[in-house]
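Just below is one structure, and these are the notes that go with it.
The values are calculated or read from the model by the stated rules, or taken from the named source; none is laboratory data. None of the values given here were measured: they were computed from a predicted structure. We place every Cβ from the backbone using ideal geometry, glycine too, and count neighbours over all the protein chains shown. For the accessible areas, the whole protein counts, side chains as well, though only heavy atoms, and no ligand, DNA or RNA atoms are used. Shrake-Rupley method; radii C 1.70, N 1.55, O 1.52, S 1.80 Å.
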Amino acid sequence: MSTTEGARARARIEVTAAIKDEARRQLAAEGAAKLSLRAVARELGMVSSALYRYFPSRDELLTALIIDAYDSLGEASEAAYAKARGGSPAEQWIAVCEGVREWALARPHEYALIYGSPVPGYTAPRTTVPAASRVGLLLIRIVRDAYQAKGVAQWKVPAELRPEARRIAEDLAPDLPPEVAVVLIAAWAQLFGLVSFEVFGQFNRLVEGRETFFRHAVAQLAHHVGLVFPQPTGTGGAGAAGP
């Protein structure tokens, strides 16, 4: 790459970042539904036609912001997992969940973009799927490692749910028993339900000690998935209630 080409590439990266930063400011002030390329261009002192060379449509800008948000959340959860690698699978689960919560509370407008109300007229393309899957795949990894180490209690699944449980396991985690996969998906959804209740204000005047409450709730999710908690030395227990 020539010096001129390198300078152009750096300039494009800088302008793209500036566009995204201004778009995030608009998200915080107006919400995703009111995001406007013209308004972004105006705030940056650009003509609209110049901005369209970077993002040809509002939807393409939204998609870029959504992928960035999912990746940022994924990085936060993976960093929390890395710090907890020496702990039990249940402790790793809790650490990842707490990483998700901390990210969401620190960046509520980006959380709302990916887990809030759908943006009218926008349909996320499949290019968002890899980034959107990072937290879920990390939770699956924790459970898979525990299962391979014989550290997962398997709960019984009702007969009417078994076909769906098998399908979920085949699609998402073929190396996990259907009984484990189906409760894992439920716990994944409940994690984000807990986070959404806090971010969007449903816990106001209801839950005050939210950090302690959240930690207890996600520990219960870990137990529901079947992760075994370590017992203090001398208790003689295996660590989790049986199915």
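Taking the criterion of being touching a Lys or Arg at 6+ places or on another chain (Cβ under 9 Å) and either aliphatic (A, V, I, L, M) or farther than 26 Å from Pro174 by Cβ (or both), would at least one residue in the stretch 77-88 satisfy it?
Among the residues of the stretch 77-88, not one is touching a Lys or Arg at 6+ places or on another chain (Cβ under 9 Å) and either aliphatic (A, V, I, L, M) or farther than 26 Å from Pro174 by Cβ (or both), which makes the answer no.
So that you can scan it fast, the table gives a plain yes or no per residue for (1) under 27 Å from Glu98 (Cα atoms); (2) open to solvent by 50 Å² or more (accessible area, probe 1.4 Å):
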| position | (1), (2) |
| --- | --- |
| Arg8 | no, yes |
| Arg12 | no, yes |
| Asp21 | yes, yes |
| Glu30 | no, yes |
| Leu35 | no, no |
| Ala41 | no, no |
| Met46 | no, no |
| Asp59 | no, yes |
| Glu75 | yes, yes |
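With over 30 Å from Gly136 (Cβ atoms) and in contact with a helix residue (DSSP H, G or I) (Cβ under 9 Å, 6 or more places away or on another chain) as the only criterion, which of Ala23, Ala11, Ala39 stands out? Don't jump to the end; show me each part of the working.
Numbers: Ala23 fails: over 30 Å from Gly136 (Cβ atoms); Ala11 fails: in contact with a helix residue (DSSP H, G or I) (Cβ under 9 Å, 6 or more places away or on another chain).
Of Ala23, Ala11, Ala39, the one residue that is over 30 Å from Gly136 (Cβ atoms) and in contact with a helix residue (DSSP H, G or I) (Cβ under 9 Å, 6 or more places away or on another chain) is Ala39.
Being assigned to a helix (DSSP H, G or I) and among the hydrophobic types (A, V, I, L, M, F, W, C) is the filter here; which residues of the stretch 133-156 pass it?
Val135, Leu137, Leu138, Leu139, Ile140, Ile142, Val143, Ala146 - these are the residues of the stretch 133-156 that are assigned to a helix (DSSP H, G or I) and among the hydrophobic types (A, V, I, L, M, F, W, C).
Considering the stretch 26-67 alone, what residues qualify as being closer than 22 Å to Ala112 by Cα, assigned to a loop (DSSP other than H, G, I, E, B) and over 21 Å from the mean Cα position of the chain (by Cα)?
Applying the first criterion (closer than 22 Å to Ala112 by Cα) to the stretch 26-67 yields 26-37, 39-40, 55, 57-67.
Add one more test, that the residue is assigned to a loop (DSSP other than H, G, I, E, B), and what stays is 31, 35-36, 55, 57.
Once the filter is applied, which keeps residues that are closer than 22 Å to Ala112 by Cα, assigned to a loop (DSSP other than H, G, I, E, B) and over 21 Å from the mean Cα position of the chain (by Cα), the stretch 26-67 yields Leu35, Ser36, Phe55, Ser57.
Which pairs turn up if I take residues in the stretch 40-56 that are farther than 12 Å from Thr16 by Cα and look for partners that are open to solvent by 80 Å² or more (accessible area, probe 1.4 Å) with beta carbon separation below 6 Å, at least 6 apart in sequence or on another chain?
Final answer for the pair search is Ser48/Arg38.
Suppose the filter is modelled with pLDDT under 95, over 22 Å from Leu184 (Cβ atoms), of a type in the set (A, V, I, L, M) and in contact with a Leu (Cβ under 9 Å, 6 or more places away or on another chain); does Ala32 pass it?
It is true that Ala32 is modelled with pLDDT under 95, over 22 Å from Leu184 (Cβ atoms), of a type in the set (A, V, I, L, M) and in contact with a Leu (Cβ under 9 Å, 6 or more places away or on another chain).
Just to be sure I understand, how many residues within the stretch 133-151 are within 11 Å of the chain's Cα centre (by Cα) and open to solvent by less than 50 Å² (accessible area, probe 1.4 Å)?
Number satisfying all stated conditions: 5.
Of the residues Gly116, Gly99, which is without any contact (Cβ under 8 Å) to a residue 24 or more places away in the chain and surrounded by 14 or more Cβ atoms within 10 Å (Cβ to Cβ)?
Gly99
Only one of these conditions is not met by Pro130: (1) in a helix (DSSP H, G or I); (2) open to solvent by less than 60 Å² (accessible area, probe 1.4 Å). Which number is it?
(2)
Just a yes or no: is a residue in the stretch 191-201 crowded, with 17+ Cβ neighbours inside 10 Å, in contact (Cβ under 8 Å) with a residue 12 or more places away in the chain and among the acidic types (Asp, Glu)?
Yes, that holds for at least one residue.
Considering only the stretch 77-94, state which residues are open to solvent by less than 30 Å² (accessible area, probe 1.4 Å) and either in contact with a Gly (Cβ under 7 Å, 6 or more places away or on another chain) or at positive phi (or both).
Ser77, Ala80
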